[in-house]
1. Please work out if I48 is within 16 Å of E213 (Cα to Cα), loosely packed, with under 13 Cβ neighbours inside 10 Å and either aliphatic (A, V, I, L, M) or at pLDDT 85 or above (or both).
2. Which one of the conditions (1) surrounded by fewer than 21 Cβ atoms within 10 Å (Cβ to Cβ); (2) at pLDDT 95 or above; (3) out of contact with any Lys or Arg (no Cβ under 8 Å at 6 or more places or on another chain) does W317 fail to meet, given that it meets all the rest?
3. Which residues, taken from the range 102-161, are assigned to a loop (DSSP other than H, G, I, E, B) and either under 16 Å from A192 (Cβ atoms) or touching a residue at least 24 places away in the same chain (Cβ under 8 Å) (or both)?
4. Working carefully through the options E276, E229, find the one that is of a type in the set (D, E) and without any contact (Cβ under 8 Å) to a residue 60 or more places away in the chain.
5. All but one of (1) more than 16 Å from A297 (Cβ to Cβ); (2) surrounded by 17 or more Cβ atoms within 10 Å (Cβ to Cβ); (3) under 13 Å from the mean Cα position of the chain (by Cα) hold for H159; state the number of the condition that does not hold.
6. Can you report the number of residues in the range 162-174 which are more than 16 Å from P283 (Cβ to Cβ) and surrounded by fewer than 23 Cβ atoms within 10 Å (Cβ to Cβ)?
7. So D262 fits all but one of (1) modelled with pLDDT under 95; (2) of a type in the set (D, E); (3) part of a helix (DSSP H, G or I); what number is the exception?
8. Just checking, which of V208, V285 is among the hydrophobic types (A, V, I, L, M, F, W, C), surrounded by fewer than 21 Cβ atoms within 10 Å (Cβ to Cβ), under 23 Å from P56 (Cα atoms) and out of contact with any Pro (no Cβ under 6 Å at 6 or more places or on another chain)?
Amino acid sequence: MINPVEFAAGWLHETLVVPLLYAADAMQWEELGYGWTLFAAYGLAQVIATYAICVPLERWRPVERWPDRGAVTTDVLYTLISRVGILPLVTFVGFYQAQVALNGFLTDHGWVPPTLERLVPALLGQQALTFFLYAVILDFADYWRHRFSHKLRWWWALHSLHHAQRQMTFWSDDRNHLLDDLISALWFGVVALLIGVPPLQFPLLVLVLRLLESLSHANARVSFGWLGERLLISPRFHRAHHGVLAAGQRSCNYGAILPWWDMAFGTADFSRAYVETGDPTGPEVLASGGYLAQQWAGLRRFAAAALGREPGRNEAWQRRRA
């Protein structure tokens, strides 16, 4: 049996990537080029799978309908850049190189590289359980990254681009400033290195977690019920996090995949139902501008916040309401 994604990646690598590397006299990157091509192919397959799952849900029970979906079109571009372009380069190539360098450094100095299996010997041979535990740990780390991105003014200036969308759909998951994406990738990668995620499992973890995150952003009246919403984050639960009040004093539901951390640290709110989304405290271009305009506006807002010239969210909220 031939994996169709790997077959497509091999074909693309041979017909496009290798000739380009040869023409640029950069054949030393040929192996890494295949790694990027493979993960980009998986990213594209993930986009197709997400589309196949989320579009029927959004058409079946939409929260909102919009006559003009221009802002959603911009989010499609964000998704393609993130899943097929920049993200594979950082997550596969960057993590692989960092893992090799770290393991080599530790081995040269007589240290054993960290893994969960060495910490808990009972996990040896339990690949499915180990994969699940890696996902839980990474999700816990992502909860705190996300929470910090709301609490630190300079970080919120970047992250607010993600919250500016008033037409939230499953495409909105990748609507991020490039600097915010870079910080997130570094955070995710460092934690993965510290707990010893194998290089070949890392891209699979990213793909699975990102698929579930996209589902949580869907413009669909979907709830998992009282018990289900306490086991896995639903579109209803996560939409409360994107509500207009989240840009003011009542941020909640920071979790990406699991609601457990919100429940444990007092930030869970299961009461809000399909609220209006957006960030009333930010400039309009972050909501309705094109890709480059949004990136530039986010950078300017970040610079203002870093220099202490950007008002806090609560202050901006009060000004907007006045």
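1. Yes, satisfied.
2. Condition (2) is where W317 drops out.
3. P113, P114, T115
4. From the options E276, E229, the qualifying one is E229.
5. The number of the failed condition is (1).
6. 1
7. (1)
8. Matching residue, one of V208, V285: V208.
The values are calculated or read from the model by the stated rules, or taken from the named source; none is laboratory data. Quantities reported herein were computed from a predicted structural model and do not represent experimental measurements. Note that each Cβ is placed from the backbone with ideal geometry, even for glycine, and that neighbours are counted across all protein chains shown.
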